[in-house]
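Novice: Next up is a structure, given as structure tokens.
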Amino acid sequence: MSKEEIRVRFAPSPTGFLHIGSARIALFNFLFSRKKKGSFILRIEDTDKERSKTKYEEDIMRSLKWLSLSWDEGVIDEEGREKGNFGPYRQSKRGEIYKKYINHLLEKNLAYHCFCSKEDLEKQKEEQRKRKEPPQYKGRCFRLSERKKEKMIKEGKDFVIRLRLPENEVVEFEDAIRGKVSFNTKDIGGDFVIAKKDFSPLYNFACAIDDMQMRITHIIRGEDHISNTPKQILIKNALGAPACTYAHLPLTLGEDKSKLSKRHGAASLCEYKEKGYLPEALLNFITLLGWHPGGEKEIFSLEEIVNKFSLKDCQKSGAVFDIKKLDFINGQYIRKKDTDEIVRMCIPHLVKEGFLRPSFDEERYPPAYGGQIPKIGYYALKREKEMSYGEIYKIVSLYKERMKNLSQIGELADYFFKEDISYEEELLFWKEGKKKETIKNLEKVLEIFSNIKKWEKEEIEKEILEEANKEKDRGKMLWPLRVALSGKRASAGPFDIAATLGSETVKKRLKRAINVLKEG
């Protein structure tokens, strides 16, 4: 490995599904590594045995792959396989490595056994509070004789291992986003715990050792880790490890500027995937959470983002999660994609919502999001009829320009897949229209449809507009026609709907609308 090689890492804990905030940290590490032609490492911090689950680890890797964030080194699958020269890349398999460094620090008198009980520690803090001193552990057990320590260990007395800190020393580092940051050791809380009695390491120690051993050069993470940084620097200093460059990203906030939570949109990536957000759009959106190269442009390909990316362009203030902006960006990507691809992505949503059933072996061709579903027939469950791929293509293409996410297709176009639709009769009225006038116009439209021989959009449009243009306001004819066919206040245009539904369904719905008005 070259001394100049940039090495960054994404080190999630597999205690939950990958969410937007963590995906953003992974993305910024990925972008930086690609811009600098360095290495992007995936490390799994799974020392929390009770909460760490294989399903979460699988989700992390699956989500990163879905976003096209490929890693060069680290854990590569849930079977335990890894790639790289600095493993293991799971903390649960690095116990002997941590133990080696703990023993080294103990031998060099840079760490020591602490036998203070919780009661002892609370008593010390209380005395410090009375003296109006900041609470900190001042090395009481460090001063114990070796003989006394050995005796207590043999007696089985509980202990932890603390790192010995220099007194009243400033720990300073240059943050690539925030500039110079400094802490005094007296404000850290004194000699802090690095390991438990069984030599299992605490977070800061394990993290520092992993970064040191894996030769991480740049640590890019959330600002909630700033308080951990001085402790990790002190651990590395004790071991003579080279310094890293740090970059602490601002937290992602909800629209009310509070910490992002599920009510704001802090869902897992798999939830966004299920809702029909495209990976390219989500990646573009996450990139803009706290970073922008300047200018008005907001739609960037991954290649463009890599070329433009710089930590200097990351903002210091919190990045606000705006679901409307995500919808806008996703809509842009949907419109840019080939219609056939969008249709194939929409079909699983229509299957999931009970509008369609593939007329082929579902086990062989599972209707999973983004799956390659063959262009075979489908059964419209709520219309009791077969629908060809071509018919579904026409329906989806009508809404390609309107969709914010692919799961909306069922809500927008449900009337194409239903035998009967319902609506309130007032919805059929155009502006201040009256019942008799609306019935008359619908009957006229029905008559025109009954005489159309070539059932195509152009012919339908020509015949209907010829009659509608006789009115001062053609909306009096076109509005009730569209509502009668769709049952919706907003939908695709009436000529597109009529051409797609077919002659028999159109006439049936017009007759029903007329009856609704006549019967009240």
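Novice: With axes computed from alpha carbons, what is the tilt in degrees of helix 95-107 against the longest principal axis of the chain, rounded to the nearest 10 within 0 to 90?
Specialist: The helix 95-107 is inclined about 30 degrees to the chain.
Novice: In percent, what relative contact order does the range 425-519 have, based on Cα pairs under 8 Å that are 6 or more apart in sequence?
Specialist: On the way: 87 pairs, mean separation 37.9, N = 95.
For the range 425-519, the relative contact order is 40 percent.
Novice: By how many nm would the segment from R164 to Q128 lengthen if fully extended, with 0.36 nm per residue of separation less the alpha-carbon distance?
Specialist: Details: separation 36, 0.36 × 36 = 12.96 nm, distance 1.96 nm.
Gain on extension, R164 to Q128, equals 11.0 nm.
Novice: Enumerate by residue number the trypsin sites (Lys or Arg not before Pro) in the range 1-56 meeting two conditions: DSSP loop (anything except H, G, I, E, B), and at most 15 other Cβ atoms within 10 Å of the site's Cβ. The partial results should precede the final answer.
Specialist: Working: sites: K3, R7, R9, R24, R34, K35, K36, K37, R43, K49, R51, K53, K55; in loops: K3, K36, K37, R43, K49, R51, K53.
Answer by residue number: K3, K37, K49, R51, K53.
Novice: Taking C-beta distances below 4.7 angstrom as the pairing criterion, name the unpartnered cysteines of the chain, in sequence order.
Specialist: Cysteines of the chain left without a disulfide-compatible partner: C116, C207, C244, C270, C314, C346.
Novice: Out of the trypsin sites (Lys or Arg not before Pro) in the range 243-332, which ones are loop residues according to DSSP with at most 12 other C-beta atoms within 10 Å? Intermediate results must be reported in sequence, preceding the final value.
Specialist: Values: sites: K257, K259, K262, R263, K273, K275, K297, K308, K312, K316, K324, K325; in loops: K257, K262, R263, K297, K316.
When the trypsin sites (Lys or Arg not before Pro) of the range 243-332 are filtered for loop state and at most 12 Cβ neighbours within 10 Å, K257, K262, R263, K297 remain.
Novice: Hey, what number do you get for the chain at 222 nm if only DSSP H runs of n ≥ 4 count, each worth -39500 (n - 2.57), divided across all residues, to the nearest 500?
Specialist: -13000 deg cm²/dmol
Novice: Another question, if that's okay. Excluding P250 itself, calculate the net charge of residues whose Cβ lies under 12 Å from the Cβ of P250, where each Lys or Arg counts +1 and each Asp or Glu counts -1.
Specialist: Details: positive: R24, R178, R221, K257, K259, K316; negative: D175, E223, D224.
Neighbourhood net charge equals +3.
Novice: From zero outward in steps of 10 Å, how is the percent of C-alpha pairs of the chain spread across the bins?
Specialist: Percent of Cα pairs in each bin: 3, 15, 20, 18, 14, 10, 8, 6, 4, 1, 0.
Novice: With axes computed from alpha carbons, what is the tilt in degrees of helix 229-239 against the longest principal axis of the chain, rounded to the nearest 10 within 0 to 90?
Specialist: That helix lies at roughly 40 degrees to the long axis.
Novice: Between K382 and E303, what is the label-point separation in nm under the 7 Å Cα-to-beta-carbon projection?
Specialist: That separation, rounded to one decimal, is 4.2 nm.
Novice: Let me ask you something else. Give the percent of DSSP beta bridges with both residues in the chain that are antiparallel, rounded to the nearest 5.
Specialist: Working: 24 of 40 bridges.
Here the antiparallel bridges make up roughly 60 percent for the chain.
Novice: Let's test the formula: R0 of 51 Å, r as the Cβ-Cβ distance of E458 and K325. What FRET efficiency results, to the nearest 0.05?
Specialist: Numbers: r = 38 Å, r/R0 = 0.75.
Once rounded, the FRET efficiency stands at 0.85.
Novice: Listed highest first by mean packing, meaning other Cβ atoms within 10 Å per residue, what order do 469-477, 329-337 come in? Write down the numbers at each step before the final one.
Specialist: Working: 469-477: 14.3, 329-337: 18.3.
The densest-packed peptide leads the list: 329-337, 469-477.
Novice: Using only C-alpha positions, report the orientation-averaged shadow area of the convex hull of the range 27-148, nm², one decimal.
Specialist: On the way: hull surface 49.7 nm².
Average projection, Cα convex hull of the range 27-148: 12.4 nm².
Novice: Follow-up question, since we're still on this one. What ranking do E73, E303, E461 get, fewest neighbouring Cβ atoms within 10 angstrom at the top?
Specialist: On the way: E73 20, E303 9, E461 17.
Ranked by crowding around the Cβ, least crowded first: E303, E461, E73.
Novice: For K308, what is the net charge nearby, where nearby means another residue's Cβ is under 12 Å from its Cβ and Lys, Arg count +1, Asp, Glu -1?
Specialist: Details: positive: R34, K35, K297, K312; negative: E303, E304, D313.
That sum, taken over residues with Cβ under 12 Å, equals +1.
Novice: Most exposed first by the Cβ proxy, i.e. fewest other Cβ within 10 Å, how do Y379, Y415, Y423 rank?
Specialist: Details: Y379 14, Y415 22, Y423 17.
Going from least to most buried by this count: Y379, Y423, Y415.
Novice: Give the separation of the Cα centroids, the range 396-440 to the range 30-47, in Å.
Specialist: Taking the Cα centre of the range 30-47 as reference, the centre of the range 396-440 is 49 Å away.
Novice: Here is a further query. Of the GluC sites (Glu not before Pro) in the range 103-136, which ones lie in a loop per DSSP and count no more than 15 other C-beta atoms within 10 Å?
Specialist: Details: sites: E107, E119, E122, E126, E127; in loops: none.
Here no GluC sites (Glu not before Pro) fit, given the DSSP loop and packing criteria.
Novice: Same structure again: Any idea what angle helix 457-468 forms with the longest principal axis of the chain, computed on alpha-carbon atoms, 0 to 90 degrees, nearest 10?
Specialist: Taking the Cα atoms of the chain, the angle to 457-468 is about 60 degrees.
Novice: To continue, here is another question. If the reach is capped at under 27 angstrom between alpha carbons, list the lysines near K180, excluding any in the same chain fewer than eight residues apart.
Specialist: Straight-line reach from K180, under 27 Å: K3, K35, K36, K37, K231, K236, K257, K259, K308, K312, K316.
Novice: Say each of A243 and K83 gets a label point 7 Å from the Cα, pointing the same way as Cα to Cβ; how far apart are those two points in nm?
Specialist: The modelled label-to-label distance comes out at 3.4 nm.
Just so you know, all these numbers are worked out from the coordinates, no wet-lab data involved. Since the structure is predicted, the reported quantities are computational estimates derived from the model, not experimental observations. So basically every Cβ, Gly included, is an ideal-geometry build from the backbone, and we count neighbours across all protein chains shown.
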